[in-house]
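Enquirer: Before I ask anything, let me first share the structure, which is written out below as structure tokens.
The values are calculated or read from the model by the stated rules, or taken from the named source; none is laboratory data. Model, not experiment: these values are computed from the prediction. Positions of Cβ are backbone-derived with ideal geometry, glycine not excepted, and every protein chain shown enters the neighbour counts. The accessibility values were calculated without ligands, DNA or RNA, using every heavy atom of the protein model including side chains. Shrake-Rupley method; radii C 1.70, N 1.55, O 1.52, S 1.80 Å.
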Amino acid sequence: MTAVLSCQGVRKLFGPSVVLDGLDLDVAEHEVVALIGASGSGKSTLLRCVNLLEDLDDGTIHLDGAHITDPRINPDLVRRKIGIVFQAYNLFPHLSVLDNITLAPVRVHKRPAASARSQALALLDRIGLASKAAAFPDRLSGGQQQRVAIVRALVNSPRLLLLDEVTSALDPELVGEVLDLIRDLKADGMTMVLATHEMTFARQVADRVCFLDAGRILEQGSPEQVLDNPVEARTQQFLRRLAPA
Ligand SMILES: Nc1ncnc2c1ncn2[C@@H]1O[C@H](COP(=O)(O)OP(=O)(O)OP(=O)(O)O)[C@@H](O)[C@H]1O
Ligand SMILES: [Mg+2]
């Protein structure tokens, strides 16, 4: 079976520093992979490389078997198949919730406005925010804004959803509603790669946890394997620092 996402030998430098050092990662259809690791270990950079927001210095990335890091490829066509959500909601403050969701599909991907709107409304309805379609983002709670940002990433029915610290800017009482949405997406079979500092989140949603260290995946396995019984000393040290006894 072809992986939805296949990263092979991905290498990325910023100036002299090697951030990704020949990283390999395959993600199967319906699989949810959590990337963990120290701050600066390259989690966000990897997600940005997959979404073609960064050029690779070496290696290849394939999506559904298609070589997307081929320089001849149109990045907009690739990004249509990959949804990405960042830590800060990144909603456009001057656009309504509905316009936030339909802007890219209509302007960039040239989808008919009516179909993008009806799909956006259906998605908003699903997350209980249909009544907020005409509201501006500043009238929504942080959790509502982040759920709108996730819906915006879903409106092109992507093959892959990338989530970068989507709960870390939220007040603790708002995290639950975002996690519930991500759990729903998992139940629907969405293939996801998420970067997180929250091990409970990784444990709850991930099929596989990957520990990034020095620009590679040092250790990976089920949440129980990696979070409860890590083999590598670096993983043990990272987890110990997170949860002092
Ligand atoms: N545009 C950039 N220019 C220069 N250096 C960068 C750039 N983006 C990231 N870096 C560096 O690359 C390294 C990896 O950063 P990255 O944001 O991928 O880490 P991360 O694992 O997501 O960390 P965090 O857990 O804090 O989010 C860091 O040392 C960072 O300073
Ligand atoms: Mg990051």
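Enquirer: Can you name every residue in the stretch 8-24 that is within 14 Å of ligand 1 (Cβ to nearest atom) and either of a type in the set (Val, Ile, Thr) or surrounded by 14 or more Cβ atoms within 10 Å (Cβ to Cβ) (or both)? Before you say what the answer is, go through the steps one by one.
Expert: Quick first cut of the stretch 8-24, residues within 14 Å of ligand 1 (Cβ to nearest atom) only: 10-21, 23.
Answer for the stretch 8-24, where residues must be within 14 Å of ligand 1 (Cβ to nearest atom) and either of a type in the set (Val, Ile, Thr) or surrounded by 14 or more Cβ atoms within 10 Å (Cβ to Cβ) (or both): Val10, Arg11, Lys12, Leu13, Val18, Val19, Leu20, Asp21, Leu23.
Enquirer: Looking at the structure I just gave you, is Ile61 hydrophobic (A, V, I, L, M, F, W, C) and open to solvent by 50 Å² or more (accessible area, probe 1.4 Å)?
Expert: On the way: hydrophobic (A, V, I, L, M, F, W, C): yes; open to solvent by 50 Å² or more (accessible area, probe 1.4 Å): no.
No.
Here is a yes/no grid of residues against (1) within 16 Å of ligand 2 (Cβ to nearest atom); (2) small (Gly, Ala, Ser):
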| site | (1), (2) |
| --- | --- |
| Pro137 | no, no |
| Gly142 | no, yes |
| Val148 | no, no |
| Ala153 | no, yes |
| Asn156 | no, no |
| Leu162 | yes, no |
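Enquirer: Just need a number here: residues in the stretch 39-57 that are surrounded by 17 or more Cβ atoms within 10 Å (Cβ to Cβ) and farther than 18 Å from Gly83 by Cα.
Expert: Qualifying residue count, the stretch 39-57: 3.
Enquirer: Give the number of residues within the stretch 110-143 that are modelled with pLDDT under 90 and out of contact with any Asp or Glu (no Cβ under 7 Å at 6 or more places or on another chain). Don't jump to the end; show me each part of the working.
Expert: Applying the first criterion (modelled with pLDDT under 90) to the stretch 110-143 yields 110-111, 126-128, 141-143.
In the following step, the residues that additionally are out of contact with any Asp or Glu (no Cβ under 7 Å at 6 or more places or on another chain) were identified as 110-111, 126-128, 141.
Matching residues across the stretch 110-143 total 6.
Enquirer: Cβ contacts < 7 Å: first residue open to solvent by 30 Å² or more (accessible area, probe 1.4 Å), restricted to the stretch 205-217; second residue among the acidic types (Asp, Glu) and assigned to a loop (DSSP other than H, G, I, E, B), any location; separation 6+ or different chain. Result?
Expert: From residues that are open to solvent by 30 Å² or more (accessible area, probe 1.4 Å), the pairs are Asp207/Glu31; Arg208/Glu31.
Enquirer: Looking at the stretch 109-144, which of its residues are open to solvent by less than 80 Å² (accessible area, probe 1.4 Å), not in a helix (DSSP H, G or I) and not hydrophobic (A, V, I, L, M, F, W, C)? First the steps, then the outcome.
Expert: Applying the first criterion (open to solvent by less than 80 Å² (accessible area, probe 1.4 Å)) to the stretch 109-144 yields 109, 111, 113-116, 118-124, 127-130, 132-133, 135, 137, 140-144.
Right, trim to not in a helix (DSSP H, G or I) and you get 109, 111, 127-129, 133, 135, 140-141.
Those that are open to solvent by less than 80 Å² (accessible area, probe 1.4 Å), not in a helix (DSSP H, G or I) and not hydrophobic (A, V, I, L, M, F, W, C): His109, Arg111, Gly128, Ser141.
Enquirer: For the stretch 79-103, what are the residues that are open to solvent by 40 Å² or more (accessible area, probe 1.4 Å) and under 19 Å from Arg159 (Cα atoms)?
Expert: Kept after step one, since they are open to solvent by 40 Å² or more (accessible area, probe 1.4 Å), are these residues of the stretch 79-103: 79-81, 86-90, 92-94, 99, 103.
Arg79, Arg80, Lys81, Phe86 - these are the residues of the stretch 79-103 that are open to solvent by 40 Å² or more (accessible area, probe 1.4 Å) and under 19 Å from Arg159 (Cα atoms).
Yes/no per residue for (1) away from ligand 1 (no atom under 16 Å from the Cβ); (2) in contact (Cβ under 8 Å) with a residue 60 or more places away in the chain:
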| site | (1), (2) |
| --- | --- |
| Val33 | no, yes |
| Ala38 | no, yes |
| Glu54 | no, no |
| Ile61 | no, no |
| Gly65 | yes, yes |
| Ile73 | yes, no |
| Leu77 | yes, no |
| Gly83 | yes, yes |
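Enquirer: Counting just the residues of the stretch 159-179 that are crowded, with 19+ Cβ neighbours inside 10 Å and either of a type in the set (Val, Ile, Thr) or part of a loop (DSSP other than H, G, I, E, B) (or both), which one comes out nearest to ligand 1 (Cβ to nearest atom)?
Expert: The selected residue is Glu165.
Enquirer: Mind checking which residues of the stretch 183-198 are within 13 Å of ligand 1 (Cβ to nearest atom) and either in a loop (DSSP other than H, G, I, E, B) or within 14 Å of Pro223 (Cβ to Cβ) (or both)? Break it down into steps so the answer makes sense when it comes.
Expert: Quick first cut of the stretch 183-198, residues within 13 Å of ligand 1 (Cβ to nearest atom) only: 193-198.
Answer for the stretch 183-198, where residues must be within 13 Å of ligand 1 (Cβ to nearest atom) and either in a loop (DSSP other than H, G, I, E, B) or within 14 Å of Pro223 (Cβ to Cβ) (or both): Leu194, Thr196, His197, Glu198.
Enquirer: Further question: May I ask you to list the residues in the stretch 207-223 that are under 27 Å from Ser157 (Cα atoms) and within 16 Å of ligand 1 (Cβ to nearest atom)?
Expert: Within the stretch 207-223, Val209, Cys210 meet the criteria.
Enquirer: What strands (runs of 3 or more DSSP E), lying completely within the stretch 13-92, carry at least 2 residues that are at pLDDT 95 or above and within 16 Å of ligand 2 (Cβ to nearest atom)?
Expert: Working: elements: 17-27, 32-36, 58-63, 82-85.
In the stretch 13-92, the matching strands (runs of 3 or more DSSP E) lie at 17-27, 32-36.
Enquirer: State all residues of the stretch 148-199 that are touching a Ser or Thr at 6+ places or on another chain (Cβ under 7 Å), without any contact (Cβ under 8 Å) to a residue 40 or more places away in the chain and farther than 29 Å from Val106 by Cα; if no residue qualifies, say none.
Expert: Listed by number, the residues that qualify are Leu174, Val175, Glu198.
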